[in-house]
Amino acid sequence: MAALLEVQGVVNRFGAQVVHNGLDMQVHEGEVFGIIGGSGAGKSVLLRTILGLRRPNAGSVRFLGHELSAMSAAQLHALKASYGVTFQEGALFSSLNVSQNVQLPMLEHLRLSARALDELALVRVRLVGLPAEAASKYPAQLSGGMIKRAALARALAVDPVLLFLDEPTSGLDPISAAAFDDLVIYLRRELKLTVVMITHDLDTIFRTCSRVGVIVDGHMISDTLEGIVQNPHPWIQAYFHGERGSARGGGRGT
Amino acid sequence: MYLTARRDADQLNVTLLGEWRSQRFPDIEAELGGIDFSGARRMRISAGQAQLDLTGAWVLRDFLERARAAGLAVELDTPRPSTLALVERCQSGQPHPTHHIEWLDPAHAVEGLGRRAVLGLHQLTGGVSFLGRISVAGASALLQLRLRPVSVARHVYDTGVTAVPIVSLIAFLISVILAYMGAQQLGRFGANIFVVDLVTVGVLRELGVLLTAIIVAGRSGSAFAAELGAMQLNEEIDALSAIGVDPVEVLVVPRLVGLIIALPLLTLVADLIGLVGGGLLCHALLDMPLVQYLNRAQSAIASTTFWVGIVKAPVFACLIAICGCFCGMSVRGSSRELGRLTTLAVVQSIFFVILVDAVFAVVFMELDI
């Protein structure tokens, strides 16, 4: 299977502190790839590197074989229409309502009529499970769970093939988190999306991910979910078989 | 080519082709718009070979509705595109969003007026209660000797020391302008010597303190509003309250005290530079020796002239700090609010500074100072 996204030998340094030391990662079409790692292991830095928000000190990021750093401004612009991103805190534009938030990427990338914009924004809002009334609300009026969903609606605005989710279920109660997981599974199936998610939520990993990459010591160990659970690395063992891990689905793989 | 349409008597056969992606929206719309419904009674659509994303599916659904509205019986071949079902589910029971312009509605205008009136009233009561909170917090800080000297020093530095260059420059330029204008007008009466009176009295009584206050309102009033507003958006102010620390005491009072210290000092600097600027211009333009300038200045300035100016500085400092902090603390919800209230802070504090300056002028005149 072709790698949709390929990260090779990425090095990220902040002063003397080395976050990534030759990190490799491959995401194939149609999979849900989970990125896990301890706090400060560089998950968000990796995401920023992939999104082109940060230039790595060394290494390459390739989308469908195209090197990110070699792309022209126009190519980069076009690339941004092919993926959607949700940020940890939602990062909704606070001066725009939900519908306008969803319409913003469409206005930037697509040529649509005003009616199509309105209706398509509403389709996205309903698609992520928000009531239609939420479309006219401002981010400050939304609950945490609704903000996550609205951010997902915005990420889906231009029909991306690849979806990046940064901690999609953090700060949600377990029921809302499970509902969000279901939503991701459902959207992946219906819209044939490839999903890359950073998460700490073991339930989310076991419910949604087909492959998992663990960032340890500046490298990434990636494997299928079953494989990674049995990986002998002490951090991974502690992660999946620690008190919290084994109390949930962690024992499943063994 | 996103479709082929074939006419079979009164049946229209439409086959969808290729990728119906959102980026291709205008082309697809154009091709669909080119299909002629006239004379057709039935339409059969096969979408098996096309790939539709959500936008594509919405376009198709829109097209189907148009066809139905034109009186055609529409039939879709299986397999139906899965995204079409998604769009249908999301739009079911949903009235189409309608565009209407609210502000054209007279009722809306009346409602807007009422809203503004109530908002203004709220702002007024909010301001008064904020004033009360500052007084209480300031008094308790003073009584319990919790004046946070480090924080106050930081604000003296931020609002005072770093403003010295711009304040000096403005004071210099204004006194030069004043002296120049005076020399032009008074020279016609041969009263060149009164340029000194004009500059020294003008700078010391009014311009030094007023211009400094306006610059500080622009620099620090906006900074206060933006800092506190960002903290409000970030829930830092709620966090302070939750910890049991009074945000007014730790955030507002040090800014207020800092500015009350800094603004008179800045005014002093502005006065000095203004006098120097006036002297230099008199020397250059009127060939007046500096000694003569100083002598004349001494006789022009009454013992109260300097104090009449400088006494206004702490009052202006209070106005600027309170306007800035009040606007900052009032920020709720969005970054647009932050911008609006930061602007409001500057506009309000400059307005109040000039208003109070006018009141001072009247009072001093009545007192004959």
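The criterion of at least 2 residues that are closer than 25 Å to B:Gln348 by Cα and modelled with pLDDT of 95 or more is met by the following helices (runs of 4 or more DSSP H) wholly inside the range B:208-295: B:208-216, B:222-233, B:253-286.
B:Ala69 falls short on exactly one of the conditions (1) over 17 Å from B:Asn13 (Cβ atoms); (2) more than 14 Å from chain A (Cβ to nearest Cβ); (3) in contact with a Phe, Trp or Tyr (Cβ under 8 Å, 6 or more places away or on another chain), and that condition is (3).
The condition of being basic (Lys, Arg) and in contact with a strand residue (DSSP E or B) (Cβ under 7 Å, 6 or more places away or on another chain) holds for only one of A:Arg62, A:Arg111, A:Arg54, that being A:Arg62. Looking across the range A:74-132 at every residue that is acidic (Asp, Glu) and over 22 Å from A:Ile185 (Cα atoms), the one that is surrounded by the most Cβ atoms within 10 Å (Cβ to Cβ) is identified as A:Glu119. For the range A:2-36, which residues satisfy the criterion of being assigned to a loop (DSSP other than H, G, I, E, B) and either under 21 Å from the mean Cα position of the chain (by Cα) or touching a residue at least 40 places away in the same chain (Cβ under 8 Å) (or both)? Correct list: A:Ala2, A:Glu29, A:Gly30, A:Glu31. Only a single item in (1) outside any helix (DSSP H, G or I); (2) crowded, with 24+ Cβ neighbours inside 10 Å is not met by B:Ala302, and it is number (2). Is it the case that the range B:99-106 has a residue that's modelled with pLDDT of 85 or more and among the aromatic types (Phe, Trp, Tyr)? No, because not a single residue in the range B:99-106 is modelled with pLDDT of 85 or more and among the aromatic types (Phe, Trp, Tyr). For the range A:172-185, the condition holds for at least one residue, the condition being that it is over 22 Å from A:Leu117 (Cα atoms), among the hydrophobic types (A, V, I, L, M, F, W, C) and within 13 Å of chain B (Cβ to nearest Cβ). For B:Ser349, the criteria (1) buried (at least 22 other Cβ atoms within 10 Å of the Cβ); (2) over 30 Å from A:Ser95 (Cα atoms); (3) not β-branched (Val, Ile, Thr) hold in every case but one, which is (2). Of B:Arg340, B:Arg336, B:Arg332, all but one fail to be over 24 Å from B:Val156 (Cα atoms), in contact with a helix residue (DSSP H, G or I) (Cβ under 8 Å, 6 or more places away or on another chain) and within 14 Å of chain A (Cβ to nearest Cβ); the exception is B:Arg332. When the residues of the range A:127-143 are filtered to those that are closer than 22 Å to B:Leu86 by Cα, aliphatic (A, V, I, L, M) and in contact (Cβ under 8 Å) with a residue 24 or more places away in the chain, the one that is nearest to the other protein chains (Cβ to nearest Cβ) is A:Leu127. Within the range A:91-124, the set of residues being free of Cβ contacts under 8 Å to residues at least 60 places away in the same chain, of a type outside the set (Ser, Thr, Tyr), more than 7 Å from every other protein chain (Cβ to nearest Cβ) and not in a helix (DSSP H, G or I) comprises A:Phe93, A:Leu96, A:Asn97.
The values are calculated or read from the model by the stated rules, or taken from the named source; none is laboratory data. Note that this is a predicted model, so its numbers are computed, not measured. Glycine gets a Cβ as well: all are built from the backbone with ideal geometry, and neighbour counts include every protein chain shown.
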